[in-house]
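Engineer: Please find one structure pasted underneath; my questions will follow.
The values are calculated or read from the model by the stated rules, or taken from the named source; none is laboratory data. What you are looking at is a predicted structure, and each value in this text was computed from that prediction instead of being measured. Ideal geometry is used to build each Cβ from the backbone, glycine not excepted, and the neighbour counts take in all protein chains shown. These accessible areas exclude ligands, DNA and RNA; they are computed on the full protein's heavy atoms, side chains included. Shrake-Rupley method; radii C 1.70, N 1.55, O 1.52, S 1.80 Å.
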Amino acid sequence: MCGIVGILGEKPVSPLLVEGLRRLEYRGYDSAGIATLSNGHIERRRAEGKLNNLDALLKEDPITGTVGIGHTRWATHGVPSTRNAHPHATDKVAVVHNGIIENYRELKTELESHQVRFETETDTEIVAHLITHYMNQGMKPQEATDKTLDRLEGAYALAMIFAGEHDLMIGARQGTPLAIGFGDGEMFLASDSYALAPLTNKICFMEDGDRVVVTRAGARVYDKAGADVRRQIRVTAQSGATTGKGNYKHFMLKEIYEQPTVIGDTLNSFISPSTGKVSMPEDILALAKAPRITMVACGTAFYACMVAKYWFEQVARIPVEIDIASEFRYREAPMPQGGGVIVVSQSGETLDTLEAMRYCRRQGQKVLSIVNTIESTIERESDMVLHTLAGPEIGVASTKAFTTQLTTLACIAVALGVARGNITPEQERGLTAALRHLPAQCARTLNADQAIEKVAADVAQAQDVLYLGRGTLYPLALEGALKLKEISYIHAEGYAAGEMKHGPIALIDEDVPIVVLAPSNDPLFEKTASNVQESVARGGQVLMITDANGMEKMKDIVRWPVQMDEVHPFVAPILYAIPAQLLAYHVAIAKGTDVDQPRNLAKSVTVE
C-alpha cells in the first residue's frame, strides 16, 4: 500500500525521491508526489496515475532542494486525483502518510470552527492543518507535531518537513511500518528498507508508538511520553540493485518464469540432496508437540495455508485450523495451551496478519512466520521465521511468492511428520524426491505457455468463469479464480468440485467457461470427472488442466485441453499453480488490462 520516502541530503533530492518511490511501486498506488524545501519554502509536485506522470511533470516544472519527502498513494479517503495526492501541505509543513486516521472527521470539524479551509477529501490533510494550528499558537515544530500525534487515532506512518527547517524531518509510526536510514551526513525515512537500499545499508526499524526527530547528525527516537527509546541499527541485507523486467513484457510474466529457479532455491535450503532428509531448526520441530496448529494469512497466502492444512493433517497428523487474518482475532478464538501458529505473508507487513499474530502471542502461542521480505515487522515480532527465497516480487498478483510459500509449507509438513513418527524414512525420501523433481517439472510446464495463450483468447470473451478442484486442488481453484479476478477483472469463482450440485451448477451455460484442475493420479480424479460430465451435460465448456492419462479419459468432452506432466499428488498443487497463473496473465493481456498494477489493488496491505 502507500509508500513513503524522506531525505535530508546533501545533493538535490528530487530525482532520489522519485527513484525511492519507484522501488515502492510494488506496493500499489494510484497517484504520487514529492515536496522539497526550496529557499526555505515548501514546493510540491503531484500527479495522478503512474510515477511516469510525476517524472514528466518534474521535467517540465522541476523543483530544487536537498530536503524532501515523497509518496505513492493508494486511495482510502477521497478518489485518486492530483488534488488528493500526497504530500499535503500548508505554508508551514508538508506531510506524507500511510494508514488511516480514524477520528479525522471530529478533528476536521474542530479545525473548521477555527476557519481552517480544506482542499482535499483525505484524512491526511487534517494532520498538516492541526500541526499548523499549533504552530500558529507559537509552538515549535516538534512540540506541535507531538501534540498532533497525541490526538490521532488509527494506524499511521508519517513523515514531515517544515518550512525554514533545512535540518529537520519528523516521523512517527503507529501500526504501519517506517524505517530510518543512516548515511554519511545524510538521513532518510522510508516505508521499508528496499526503498533505501541504494542510499544506505544502515537501517533502524521503528516500532509502534515510536516518534523520531531526524537531523543530518542522526536520529532521536522517543515514545509518547517523550522518553528516549533505543532501536537497534542494523546492516540490511537488501540489495541496492534495481529489479528490472529483463526481456519480459511484464514483471508478472518474468516472475512466473522464475519459479523453477526460486522453488529450487527454496528446496535446497531445506532438503539435503545426498540424504533426501528435510532439515528444520529445532524450535520449528518443537511444533510437532503442539496439540493444534493455527494458520492465519490473507488472500493468496491464505490459499497456501488451505493447501498446507491437507499436508499437515495427512502427513504430520497434526490438527490444523486455518483462518483469514482479517476475521480471526475478532471472533476471539480460544487457543490451546502449547499450541503453535504459522502466519504467512509475502511482505511481512500485512496489518491484518500482524494483528492476528499479536492476538496469538497474547494467547501464549508459539509463532512461526513465513515471509519473503527480510527484516519485516512480522519477522521481528515472531518467535521463529523461515524465508521463502522468491526474491523481490514486483507484480501485484502473487506468483512465485505463492509457490515458494507452498514449497516451504510442504517441507515443514514432511519434517513434522518425521518428528512425530508418522512417516517412515522411506516415505520421507519419497516425498522429498517428489519435491526435488518440481523445478524441472515447472520448467516443462512453462512450455504450455503458447497453448494457454491461445485458450485465453476464448476465455477473455466470458463475463463469468468457474474453477473446480478437489482435495489439495480445491484451494488452487480458489487461487486461480482470484488471479483471474485480480488482473483481468472478469468475475470468477472457485469451488470444490463436489459442491457443484449444491448450487453453482445453476450457473452453467455455454457462455461460462469451467476451468478444472485434476491430475489423473489424484485419488479423487474419478469423482471430479463425474462433476465435469454433469457440467458438460448442461452446456458447460470445459478447460481441463490434467496429465496425458487424464486427457485421454476426458478427450471427448473437454473443449480446451492443457496437458501437464504426471506429478506426485503431494506436490500437484505447486505445479498446477503455474498454468492457472499463465491463464490469468494471458486473459489479462487479451483484455488489455494493467497486468503488474491492476486497479484498486496494493501489494502490501498495511491498513485494516
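Engineer: For the range 104-119, how many residues meet the condition of being open to solvent by 100 Å² or more (accessible area, probe 1.4 Å) and either touching a His at 6+ places or on another chain (Cβ under 9 Å) or at pLDDT 90 or above (or both)?
Structural biologist: The number of residues fulfilling the criteria is 4.
Engineer: Something else about it: Find the residue count for the range 302-339, including only residues that are open to solvent by less than 10 Å² (accessible area, probe 1.4 Å) and in contact (Cβ under 8 Å) with a residue 40 or more places away in the chain.
Structural biologist: Adding up the residues that qualify gives 9.
Engineer: Now a separate question. Can you tell which of Ile263, Ile233 is over 25 Å from Asp352 (Cα atoms), open to solvent by less than 40 Å² (accessible area, probe 1.4 Å) and among the β-branched types (Val, Ile, Thr)?
Structural biologist: Selected residue: Ile263, the only one of Ile263, Ile233 that is over 25 Å from Asp352 (Cα atoms), open to solvent by less than 40 Å² (accessible area, probe 1.4 Å) and among the β-branched types (Val, Ile, Thr).
Engineer: Further question: Considering only residues that are surrounded by fewer than 20 Cβ atoms within 10 Å (Cβ to Cβ), assigned to a helix (DSSP H, G or I) and not charged (D, E, K, R), which ones fall in the range 420-433?
Structural biologist: Pro425, Gln427, Gly430, Ala433
Engineer: Any chance you could count how many residues in the range 434-465 are touching a strand residue (DSSP E or B) at 6+ places or on another chain (Cβ under 7 Å), under 20 Å from Asp547 (Cβ atoms) and open to solvent by 60 Å² or more (accessible area, probe 1.4 Å)?
Structural biologist: 1
Engineer: Residues Gly181, Gly209, Gly226: which one is closer than 30 Å to Lys11 by Cβ and not in a helix (DSSP H, G or I)?
Structural biologist: From the options Gly181, Gly209, Gly226, the qualifying one is Gly181.
Engineer: Kindly indicate whether any position in the range 340-357 is in contact (Cβ under 8 Å) with a residue 60 or more places away in the chain, buried (at least 24 other Cβ atoms within 10 Å of the Cβ) and among the acidic types (Asp, Glu).
Structural biologist: Yes, the range 340-357 has at least one match.
Engineer: Sticking with this one: Give the residues of the range 136-178 that are open to solvent by less than 10 Å² (accessible area, probe 1.4 Å), assigned to a strand (DSSP E or B) and of a type in the set (A, V, I, L, M, F, W, C), sorted by residue number.
Structural biologist: Listed by number, the residues that qualify are Ala157, Leu158, Ala159, Met160, Ile161, Phe162, Met169, Ile170, Ala172.
Engineer: For Val532, are the conditions met, namely being β-branched (Val, Ile, Thr), surrounded by 20 or more Cβ atoms within 10 Å (Cβ to Cβ) and farther than 21 Å from Leu446 by Cβ?
Structural biologist: It is true that Val532 is β-branched (Val, Ile, Thr), surrounded by 20 or more Cβ atoms within 10 Å (Cβ to Cβ) and farther than 21 Å from Leu446 by Cβ.
Engineer: Moving on. Can you find, within the range 364-391, the residue that is most open to solvent (accessible area, probe 1.4 Å) among those that are over 22 Å from Pro336 (Cβ atoms), in contact (Cβ under 8 Å) with a residue 40 or more places away in the chain and assigned to a loop (DSSP other than H, G, I, E, B)?
Structural biologist: Looking at the filtered set, the residue picked out is Leu389.
Engineer: Out of all the residues in the range 477-534, which are of a type in the set (Ser, Thr, Tyr) and touching a residue at least 40 places away in the same chain (Cβ under 8 Å)?
Structural biologist: Passing the criteria: Ser488, Tyr489, Ser520, Thr528.
Engineer: Pairs please, first residue from the range 407-418 and open to solvent by 10 Å² or more (accessible area, probe 1.4 Å), second anywhere and of a type in the set (D, E, K, R), Cβ atoms under 6 Å, 6+ apart in sequence or on different chains.
Structural biologist: Val418/Glu428
Engineer: Which members of the range 512-540 meet the condition of being touching a strand residue (DSSP E or B) at 6+ places or on another chain (Cβ under 8 Å) and more than 13 Å from Met554 (Cβ to Cβ)?
Structural biologist: Val512, Pro513, Val515, Asn521
Engineer: Moving to a separate point now. Can you name the residue in the range 153-178 that is within 17 Å of Ala217 (Cα to Cα) and not β-branched (Val, Ile, Thr) and, of all such residues, is nearest to the chain's Cα centre (by Cα)?
Structural biologist: Result: Gly171.
Engineer: Could we say that Leu16 is in a helix (DSSP H, G or I), modelled with pLDDT under 95 and surrounded by 24 or more Cβ atoms within 10 Å (Cβ to Cβ) here?
Structural biologist: No.
Engineer: Kindly list, by first and then second residue, each pair from a residue in the range 53-80 that is surrounded by fewer than 20 Cβ atoms within 10 Å (Cβ to Cβ) to a residue that is aromatic (Phe, Trp, Tyr), limited to pairs with Cβ atoms under 8 Å and residues at least 6 apart or on different chains.
Structural biologist: What qualifies is His77/Tyr104.
Engineer: What's the total number of residues in the range 426-480 that are under 26 Å from the mean Cα position of the chain (by Cα) and basic (Lys, Arg)?
Structural biologist: Here the count works out to 0.
Engineer: In the range 266-285, which residue that is part of a loop (DSSP other than H, G, I, E, B) and under 24 Å from the mean Cα position of the chain (by Cα) is modelled with the highest pLDDT?
Structural biologist: Per the stated criteria, the residue is Phe270.
Engineer: Restricting to helices (runs of 4 or more DSSP H) lying wholly in the range 459-562: which have 3 or more residues that are within 18 Å of Met306 (Cβ to Cβ)?
Structural biologist: Fully inside the range 459-562 and qualifying: 473-488.
Engineer: In the range 19-52, which residue that is within 21 Å of Thr90 (Cβ to Cβ) and among the aliphatic types (A, V, I, L, M) is most open to solvent (accessible area, probe 1.4 Å)?
Structural biologist: Restricting to residues being within 21 Å of Thr90 (Cβ to Cβ) and among the aliphatic types (A, V, I, L, M), the top hit is Ile42.
Engineer: Given the criterion hydrophobic (A, V, I, L, M, F, W, C) and either within 18 Å of Ala496 (Cβ to Cβ) or touching an Asp or Glu at 6+ places or on another chain (Cβ under 6 Å) (or both), identify the matching residue among Val562, Val532, Val558, Val587.
Structural biologist: Val532
Engineer: Mind checking whether some residue in the range 174-187 is more than 28 Å from Leu354 (Cα to Cα) and among the polar types (S, T, N, Q)?
Structural biologist: Looking through the range 174-187, none of the residues is more than 28 Å from Leu354 (Cα to Cα) and among the polar types (S, T, N, Q).
Engineer: Still on this structure: State all residues of the range 466-499 that are touching a helix residue (DSSP H, G or I) at 6+ places or on another chain (Cβ under 6 Å), of a type in the set (A, V, I, L, M, F, W, C), farther than 13 Å from Tyr576 by Cα and surrounded by 24 or more Cβ atoms within 10 Å (Cβ to Cβ); if no residue qualifies, say none.
Structural biologist: Across the range 466-499, the qualifying residues are Leu484, Ile487, Ala492, Ala497.
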